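The values are calculated or read from the model by the stated rules, or taken from the named source; none is laboratory data. None of these values were measured; they are calculated from a predicted model. Ideal geometry is used to build each Cβ from the backbone, glycine not excepted, and the neighbour counts take in all protein chains shown. In case anyone asks, the SASA skips ligands and DNA or RNA and just uses the protein heavy atoms, side chains included. Shrake-Rupley method; radii C 1.70, N 1.55, O 1.52, S 1.80 Å.
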Amino acid sequence: MEPGNLITCVLALLFSTTESVSSAVCDVNIDPSRVVVRFGDPVTVNCSTTREDVLEAGWEASVSPVNEPNSKIAVWNVSSLTVWDAEPKCFINYMNEPRQCVEKLDLVIYKYPESVSLIAPDFMKIGEESNITCQVLDVAPARYLSVKLYKGDEQLGNRSFTHNSTRFPVNESIPFPVTPTRADNGAEYTCVAELQLGPGGPKLNPAKRSPPLKIPVFYKPSLLSAAEENVEVREGGSIVLNCSADGNPAPTYEWKYPKADNVQEITKDGVSTVNITRASSSNARVYECHAKNTYGVAMKNITLTVKGRSHWIGIGVLSVAVITVIVLIYRQIKA
């Protein structure tokens, strides 16, 4: 073989090998590579290749399919995406191997919750576990949903659904166990649902909140003062014995003592009193106060001592005598 022919063969072989290597790669570029679109909004995605041996490019989809013969670019354009299972795939057919390359678009079609609400018992009991349920209606896709329960500003729980692969809108009911304390009576609970859509999602991702809900917490009464008291009153004088307790429902009061004409019971603004006027020795005893509701009883004992008049007179006479002695001694000293 002549030298000139040899060089020509080598160059031809090199060119053929380079062309085969360059065309033996699936070169499909989707831009943007991930699309997050709200249900009903428009969407536009480009698909292209750098290979030269293109026969056609296009999109397989359940809505607005595309077929572009002899083109290195195909554009999937939908003015209003109202199909949940569109699943668009870009395909490019080539003259050489591999003769077809397919790339699926990472497409997320979302819908914010239609409503978020709380389902809770009419009341809770202190120390006993109850469920407060967050109900989220008509949201998609569930795998990006985050649901949180708050008591005031305190987060009590958080649930996600990363293993739920359905693309269609769903309803979710999420129970959160709560064991209330006495301090939780009157607390305000709120459920917050949010779609955490990740890259390509909206910059402002609004959270949907439930209307706040207050749930009463029931508990037995507890006294607001000492359970045992000792008090005194002068015979013929007046005294008021007080009994008050905190409970939910509000406690009722019952006093136990021998009834008398000079003793009167009054309950007002959560405080129960026994008013004694013109006290006598017959009023000297233990007065029992029972504060009770459906969940228990708290008891207070007040021991009343009535000091007789002679006691006070004796003290007065003794005082006068002491003062008189002091005056006489002082005068003798001065003399």
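Structural remarks
- Relative packing of 136-149, 179-192, 248-261, which averages over residues the other C-beta atoms within 10 Å, highest first: 136-149, 179-192, 248-261
- The simple Förster model, with R0 at 51 Å and r as the Cβ-Cβ distance, assigns residue 232 and residue 33 a FRET efficiency of 0.05.
- At R0 = 51 Å, FRET efficiency that the Cβ-Cβ distance of residue 133 and residue 52 yields, to 0.05: 0.25
- Relative packing of 152-160, 280-288, which averages over residues the other C-beta atoms within 10 Å, highest first: 280-288, 152-160
- Region 146-158 - phi-based ³J(HN,Hα) in whole Hz, Karplus 6.51/-1.76/1.60, Gly and Pro as x: 10, 10, 10, 10, 10, 10, x, 9, 8, 7, 9, x, 8
- Residues in the chain average 58 Å² of solvent-accessible surface per residue, probe 1.4 Å, ligands and nucleic acids excluded.
- Order by protection proxy (mean Cβ within 10 Å, highest first), peptides 200-209, 73-82: 73-82, 200-209
- Gain in span if fully extended, residue 271 to residue 102, counting 0.36 nm per residue against the direct Cα distance: 52.8 nm
- In range of the label at residue 75: residues from region 44-68 whose backbone nitrogen is under 12 Å from the point 7 Å along Cα→Cβ: 44-47
- Full extension of the segment from residue 299 to residue 250, taken as 0.36 nm per residue of separation minus the current Cα-Cα distance, would add 16.1 nm.
- Taking the protein heavy atoms of the chain in the context of the full set of protein chains, the accessible area attributed to carbon and sulfur is 54 percent at 1.4 Å.
- Expected 222 nm ellipticity per residue - DSSP helices of 4 or more, -39500 (n - 2.57), all of the chain, to 500: -5000 deg cm²/dmol
- Axis angle, to the nearest 10 degrees, between helix 3-23 and the longest C-alpha principal axis of the chain: 30 degrees.
- C-alpha long axis of helix 309-334 to longest principal axis of the chain, angle in °: 70
- Couplings 3J(HN,Hα) of region 75-85, computed from phi: 10, 8, 10, 10, 6, 8, 7, 10, 10, 6, 10 Hz, in residue order, whole Hz [Karplus 6.51 cos²θ - 1.76 cosθ + 1.60, θ = phi - 60°; x for Gly and Pro].
- Under-5 Å amide H pairs with residue 287, H placed in peptide plane, nonlocal only: 302, 303, 304
- One chain, two ends: residue 158 and residue 205. Fully extended at 0.36 nm per residue, the span grows by 15.2 nm beyond their Cα-Cα distance.
- Relative to the Cα centre, the charge distribution of the chain, modelled as +1 at Lys and Arg Cβ and -1 at Asp and Glu Cβ, gives a dipole magnitude of about 2860 debye.
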